[in-house]
Every structure is written in structure tokens, then in C-alpha cells.
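Everything on this sheet refers to the single structure shown next.
The values are calculated or read from the model by the stated rules, or taken from the named source; none is laboratory data. Quick caveat, the model's predicted, so the values are computed rather than measured. Using ideal geometry, Cβ is built from the backbone for each residue, glycine included, and neighbour counts are taken over all protein chains shown. Ligands, DNA and RNA are excluded from the accessible area calculation, which covers all protein heavy atoms including side chains. Shrake-Rupley method; radii C 1.70, N 1.55, O 1.52, S 1.80 Å.
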Amino acid sequence: MISQPRTSRIPWISLAAALLVALAAALLAPAPAHAAARGAGTVRHGLSQPDYSYADAIREAVWVDTGMDGDGDGRTDRVAADIIRPREPAQAGRKVPVIMDASPYYSCCGRGNESQIKTYDAAGDIVQAPLYYDNYFVPRGYATVLVDLAGTDRSDGCVDVGGPSDIQSAKAVIDWLNGRAKGYSARSGGHTVTAGWTNGDVGMIGKSWDGTIANGVAATGVKGLKTIVPISAISSWYDYYFHQGAALQDGPEWLSDLVESDSAHADCAAEQQKIIDGSPRSGDWTPFWTARDYVKDAGKVRASVFAVQGMQDLNVRTKHFGQWWTALAAHGVERKVWLSQTGHVDPFDYRRDAWVPTLQRWFDHYLLGVDNGIQREPMADIERSVDHWTTDRVWPAPGTKDTSLVLGPTATAGLGTLGTTGHAAPGTTESFTDDPNLWEEDWASSVDTPTPAKTAFTTGVLTKDLRISGGGTVTVTATSTTTSAHLSAVLVDLGPETIRNYLGGGEGITTLGTRSCYGESTAGDSACYLDTAADTENVDHNVFSRGWADLGHYKSLEHGVPLVPGRPYTMTIQLAATDHVVPAGHRLALIVAGTDGGLILPPDTTPTVGIDLAHTVAHLPIVGGAGALHAQPAAARTAHQALRPAAPAPALTPAATLG
């Protein structure tokens with residue numbers, strides 16, 4: 001029954017005055033503890049609250065038409081998107097934003113530290129969604145969408161390893177969420193499905209290949225993509241398989257073969273051959289790599305970027321992060337970064353208690369419109385020592401200057417000096433003979449001992465901390481005794497410290513038997529994950545940046561050439577981005593050698609390489625510039641005594657799984 005209005009006994013003038021007082025109070029009062037954000041429920045202390053039921057969430061699958069026919073069956077491919085979204089906003093007619101993880105790993109290999117895969121009920125709706133995104137964020141007013149890349153799991157098409165098909169798989173779903181593409185209720189046939197429940201705002205997240213897709217989709221400039229969170233992600237696929245012409249591992253056809261579904265294996269032989277033909281093992285840059293280079297399109301990025309990188313990641317190396325970050329900065333993209341001392345590890349598994357609320361605040365700001373100030377906070381979080389983090393207002397650190405360090409000889413062949421002064425006289429050389437059985441750990445563990453496979457250059461003992469922030473270069477002028485040669489340049493911190501054991505099985509973490517919960521659980525999808533702790537190691541040397549090159553590509557990546565024995569060639573080796581403090585009492589070393597065994601493939605000859613010291617220089621991003629390098633004279637340094645034997649080189653082939 002509709003009640004009758006009660007007659008007011010307040011004169012209209014008094015009523016108007018009361019309304020004005022109330023309005024003024026509302027305008028001047030501080031923000032309430034509960035404030036509505038678009039698409040969310042309540043917000044408290046800058047965080048969306050878990051107002052909605054995860055158990056009652058709507059679970060559905062949609063197949064989105066990509067407009068491509070990768071498998072050549074005469075019909076356009078559809079990719080599967082599994083959706084989990086809160087029921088209550090939909091019932092109230094409120095639209096929600098989307099957190100998307102597009103992956104090739106949902107059935108073949110699994111996601112996260114526990115290798116979770118998707119599971120389904122009898123109706124084909126998702127039961128277990130890997131990772132915690134759905135458990136945690138759906139109750140807070142987000143939908144999660146998990147996309148199977150073309151050629152994987154329940155999607156049509158073929159895997160093309162970071163190419164147009166991979167990227168269009170995710171981009172098409174964003175287009176569908178924004179009403180620009182068609183979705184269907186089934187893989188073939190079915191009825192059309194629209195996404196009327198979303199406002200079209202999307203944040204993409206993922207580690208490794210998943211994060212790579214986020215980079216690639218952002219580089220298309222697609223409308224609706226508001227932010228991406230790439231974790232240990234590729235920015236240019238050439239640099240996953242080569243480093244300046246030097247092969248890092250076997251070709252991408254191995255990776256596509258790993259993740260493709262059984263049906264794709266049967267239908268994608270032609271696409272697999274295109275991958276093989278387009279990526280010859282010569283190290284030459286081909287159109288195949290141009291189509292998989294997202295850095296060149298950084299100017300198209302509309303989304304904000306929260307990048308996460310392990311500085312000791314030997315799978316997706318920090319070169320990917322460094323060149324992507326630099327390109328984004330050049331185009332004024334809003335961005336944030338976490339840099340850890342781990343290898344290829346998700347921050348959920350090394351800094352969980354800080355990561356989840358930080359990620360939430362990031363999504364709350366860019367997807368829900370919550371003014372929580374995260375965009376005004378320090379840009380960079382850096383793990384300075386194990387589990388000890390510092391922040392920087394911008395990154396690279398303020399005051400960083402490109403600083404030239406020159407190489408000088410000593411009385412001992414193969415050992416030299418490194419500093420801002422002490423240029424070598426013209427004609428001064430050192431040499432090494434390539435030995436693919438050795439790698440950077442072998443070189444670093446014998447840095448003060450002359451060995452035939454390396455040359456080593458060290459500062460004196462530092463009297464003040466020296467911080468290197470960013471990516472450097474080493475320009476080498478070299479001769480080879482054969483028609484091919486590879487060069488390696490590595491930076492080493494010489495001195496005792498405790499580091500994360502990034503060469504261990506967990507790449508810096510160890511998995512415990514206890515669990516902690518982030519979000520809500522159902523019988524088929526637990527929000528509780530195995531806890532982790534730092535896996536540490538006491539060392540006397542720490543390689544913290546590295547770079548490699550094929551000398552035959554000295555002039556161009558497009559075409560390598562055979563070397564003329566004895567002829568000098570000059571090539572600049574790019575060092576991986578890092579942020580490392582060499583503490584007072586330690587020394588900084590630069591090692592120049594040949595094949596970094598286990599990390600790059602050797603050349604087809606075994607050369608002896610001569611280094612012209614007078615025409616070889618390192619350019620390092622030093623905070624404070626040349627004036628920050630304070631070291632005792634090299635003659636006063638103490639001998640470097642090994643505390644550990646060199647670690648065995650990692651197995652290099654076949655290619656490691658990206659995930």
C-alpha cells in the first residue's frame with residue numbers, strides 16, 4: 001500500500017533554510033566512511049569492500065568472434081571467455097568493470113605457484129578459476145574474465161606466439177565487452193550474447209605469457225582498456241629468443257606446440273610452419289619479429305601500466321621490462337613498478353600481504369574511480385635486500401647519470417681495472433677463448449684469477465655505496481680468430497651478502513605447507529593458497545646485470561655477416577635494466593667473455609677474441625654520476641676469496657615454459 005504524505009507543520013521559509021543548512025553541511029563535511037564508487041558497493045579507507053557474494057556469483061562462458069581464420073577452416077575463429085561476475089549489481093541494474101587474464105596455459109600447464117587449471121561443471125560453466133583474482137575481486141564489485149588464447153583449451157584458431165592471433169584473442173573480448181564485437185553462447189552456432197552487465201572498463205593482468213598479451217593489447221590502443229599489470233612480461237618476442245643476434249634458446253615453434261590444444265595440433269600445421277619459416281635461428285630480425293614487437297607501438301598505449309619484474313629473471317629477462325618502461329616514459333604513460341630480487345616469480349608469492357592491497361588500490365582507482373591517491377605515491381618499490389623494500393619517487397632513481405667507466409690493464413693478463421680514469425694506452429689488448437661449457441657463475445667465482453675463457457675488470461674497494469639504476473651498455477671493440485663470435489658482458493657485485501637464491505628451484509622462494517586465504521571460497525574454488533618464504537643464500541659475488549651479442553650483427557640486427565678474422569669490429573652490448581647498490585667495502589666488476597653457457601647458444605666456431613681496451617667503454621646509469629664512485633686505488637684491494645663454488649649452468653634447451 002502507498003502511504004499518504006503527511007502534512008508538514010514547518011513553514012516553507014523555515015524548510016528552505018533547513019535545506020540550505022543541510023546542503024552546506026554536506027558540502028563541507030569530510031567524506032563518509034562508506035562512499036559509493038562506480039560499479040562497486042561501499043568504499044572504506046580507499047578500498048572497495050567485499051559487499052557481494054562469491055558463492056552466488058554468475059558463472060558463464062561466451063565465445064567471441066575474433067574476425068580471423070587462423071586454422072583455415074573457412075569460418076572465423078571464436079575464443080572462449082569464462083566469466084565470473086557478482087549477481088547483486090546485475091540485479092540492481094548496475095554495471096561493473098572487468099579484470100581480465102588472457103592465457104594459453106589454462107589447460108596445458110596451469111597458472112600460479114600451484115599450477116591451477118580451469119575446471120568446469122556439467123553445463124560447461126567454470127568451477128575453478130586459477131589464481132585469486134575471482135575469489136578476491138568479484139565480492140568487491142568486479143567481474144573476472146579468463147580468456148583462452150586462440151588455439152588453446154576451448155578456443156578455435158592457432159597459437160602464433162605473441163603475434164596477431166594471440167593479441168586479437170584478447171582484444172576481441174575487450175571489443176565485445178564494449179559492444180564492438182559479437183559473442184555467442186557456444187563455440188559453434190548458438191545465439192548471440194551481449195555484455196550489458198559491464199561498463200566496458202577493463203584491466204588486464206598476468207604473469208609471463210599472460211602479461212605479455214596485456215602489453216601487446218595495450219600497444220593496439222584499444223578503447224576500454226584502462227590499465228594493465230604485466231608481471232615478468234615480454235615486450236618484444238625477438239628479445240625472448242635472441243639478444244642482439246645471439247640465440248638464447250630454440251625457436252618459438254616449441255612453445256606453440258606445448259600450449260596448443262589437440263584440435264589445434266590437427267588443424268594448425270600450416271601456421272606452425274609459418275612460425276618456423278619466420279623465425280630462422282640466424283639471429284636476423286625478420287618481419288615475424290616486427291609483428292611481435294610491442295615497444296615500437298608504445299605511443300598507442302592509452303592504459304596505465306603497473307609493471308612487476310624480478311631483477312634476476314633469467315626466463316623473461318629484465319631487458320623486456322627496461323625497454324618497455326623507457327618507451328612508455330617517452331610517451332608520458334602513467335606507470336608504476338615493483339622490482340624484486342627474485343627470478344620468474346609472481347609478487348603474490350614473495351610479498352603477498354603488501355601486493356594484494358596494492359593491486360586492489362590500483363584497480364580501485366583505475367577501474368572503479370576511487371580517489372585513493374595511489375597515482376600520487378612513489379613510482380617504484382625496490383627490494384633492496386631480502387624482504388627489505390625501499391621506494392623512489394620516480395624510476396630510474398633521481399640523480400641517475402649515464403657515466404663512462406674505462407678499462408685499464410694490470411700486470412696480470414686477463415685482469416684489469418675499471419673506473420672513471422685510467423684509460424688504456426692505444427694498442428692495449430686482452431683476450432679470451434670461447435668456452436661454452438662455462439658461464440657467468442664460473443667467471444665470477446674466479447674473478448681475481450686469470451682464466452682463459454674471460455677477461456675481468458674491477459674497481460678498487462668502494463668507500464661509499466654505489467647505486468646503479470636502469471640499463472647500461474658496454475661498447476666493445478673486438479677481433480675474432482674465426483668467422484663467428486659471441487660476446488657476454490656481466491656486472492658483478494664482489495663481496496659477501498645474503499641474497500635470494502634465484503638459481504634455486506623456486507627462483508628465490510620456497511613453498512611452505514601452510515595456507516593463507518585471499519577472498520571467498522566455494523567447494524570447487526578455494527581462495528586459500530600455499531604460503532611461501534624467501535629462499536636465501538650466502539654468497540661472495542652476485543651477478544646483477546648481463547647482456548649478450550653476436551659480433552656478426554655489429555652493424556645491423558637485420559643481417560648478420562661472417563667475421564673477417566683479425567679485423568676489429570665495434571659493437572654496443574645492451575645490459576639488462578636493474579637497480580642495485582654495491583655497498584661500501586665491496587667491489588664492482590665487469591666481465592667480458594664469450595658464450596654464457598646455459599643462457600645463450602654458442603657460435604658455430606670456437607674463437608679467441610681480442611679486446612681493444614682503449615676502444616672499449618662501459619656506460620652505466622649511476623646515481624650521482626661519476627662523482628659517486630669512491631674507491632680505493634686498485635692496488636689496495638684485497639684478494640677475492642670464493643665462499644661458494646660456481647653454480648651449474650641452467651639447462652638452456654628446449655625452451656623453458658614462459659609461465
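Couple of notes before you dig in:
- Picking from residues in segment 592-608 that are buried (at least 24 other Cβ atoms within 10 Å of the Cβ) and β-branched (Val, Ile, Thr), the one that is nearest to Gln244 (Cα to Cα) is Ile600.
- Any pair with Cβ under 6 angstrom, 6 or more apart, that starts in segment 599-626 at a residue that is on the phi > 0 side of the Ramachandran plot and ends at one that is crowded, with 17+ Cβ neighbours inside 10 Å: Gly625/Thr403
- Segment 375-402: number of residues that are touching a Lys or Arg at 6+ places or on another chain (Cβ under 7 Å) and either in contact (Cβ under 8 Å) with a residue 60 or more places away in the chain or part of a strand (DSSP E or B) (or both): 3
- If only residues of segment 517-538 that are more than 30 Å from Val582 (Cα to Cα) and of a type in the set (A, V, I, L, M) are counted, the one that is nearest to the chain's Cα centre (by Cα) is Leu530.
- Among residues of segment 556-587, those that are closer than 22 Å to Phe321 by Cβ and aliphatic (A, V, I, L, M), counted: 7
- Per the listing Pro139, Pro97, the residue uniquely more than 27 Å from the chain's Cα centre (by Cα) and modelled with pLDDT of 95 or more is Pro139.
- Among the residues of this structure, Lys296 does not count as one that is under 26 Å from Asp175 (Cβ atoms), among the basic types (Lys, Arg) and in a strand (DSSP E or B).
- With respect to (1) buried (at least 22 other Cβ atoms within 10 Å of the Cβ); (2) more than 25 Å from Trp289 (Cβ to Cβ), the lone exception for Gly124 is condition (1).
- Segment 179-197: number of residues that are in a strand (DSSP E or B) and either open to solvent by less than 10 Å² (accessible area, probe 1.4 Å) or of a type in the set (A, V, I, L, M, F, W, C) (or both): 2
- Selection status of Ala270, without any contact (Cβ under 8 Å) to a residue 24 or more places away in the chain, assigned to a helix (DSSP H, G or I) and not charged (D, E, K, R): no
- Failed item in (1) of a type in the set (D, E, K, R); (2) over 22 Å from Thr459 (Cα atoms); (3) open to solvent by less than 50 Å² (accessible area, probe 1.4 Å), with Glu377 passing the rest: (3)
- Any hit, segment 634-645, residues being open to solvent by less than 40 Å² (accessible area, probe 1.4 Å), within 25 Å of Gly472 (Cα to Cα), of a type outside the set (Asp, Glu) and modelled with pLDDT of 95 or more: no
To keep it simple, each residue is scored yes or no on (1) at pLDDT below 95; (2) in a strand (DSSP E or B); (3) not acidic (Asp, Glu).
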| residue | (1), (2), (3) |
| --- | --- |
| Arg515 | no, yes, yes |
| Gly519 | no, no, yes |
| Lys555 | no, no, yes |
| Thr572 | no, yes, yes |
| Asp579 | no, yes, no |
| Ala589 | no, yes, yes |
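- Note on segment 492-516: among residues that are touching a residue at least 24 places away in the same chain (Cβ under 8 Å) and open to solvent by 40 Å² or more (accessible area, probe 1.4 Å), the one that is nearest to the chain's Cα centre (by Cα) is Glu507.
- Number of positions in segment 44-68 that are under 18 Å from Ala122 (Cα atoms) and either modelled with pLDDT under 95 or part of a loop (DSSP other than H, G, I, E, B) (or both): 3
- Hits in segment 127-178 - residues which are open to solvent by less than 10 Å² (accessible area, probe 1.4 Å), of a type in the set (Ser, Thr, Tyr) and under 22 Å from Asn199 (Cα atoms): Tyr142, Thr144, Ser169
- Criterion violated by Thr417 - all others in (1) crowded, with 19+ Cβ neighbours inside 10 Å; (2) of a type in the set (Ser, Thr, Tyr); (3) part of a loop (DSSP other than H, G, I, E, B) satisfied: (3)
- Selection count, segment 446-460, where residues are open to solvent by 30 Å² or more (accessible area, probe 1.4 Å) and either hydroxyl-bearing (Ser, Thr, Tyr) or farther than 18 Å from Ala478 by Cβ (or both): 4
- Thr451 over 26 Å from Gly322 (Cβ atoms), outside any strand (DSSP E or B) and without any contact (Cβ under 8 Å) to a residue 40 or more places away in the chain: yes
- Being open to solvent by less than 10 Å² (accessible area, probe 1.4 Å) and assigned to a helix (DSSP H, G or I) holds for only one residue in Gly251, Gly211, Gly200, and it is Gly211.
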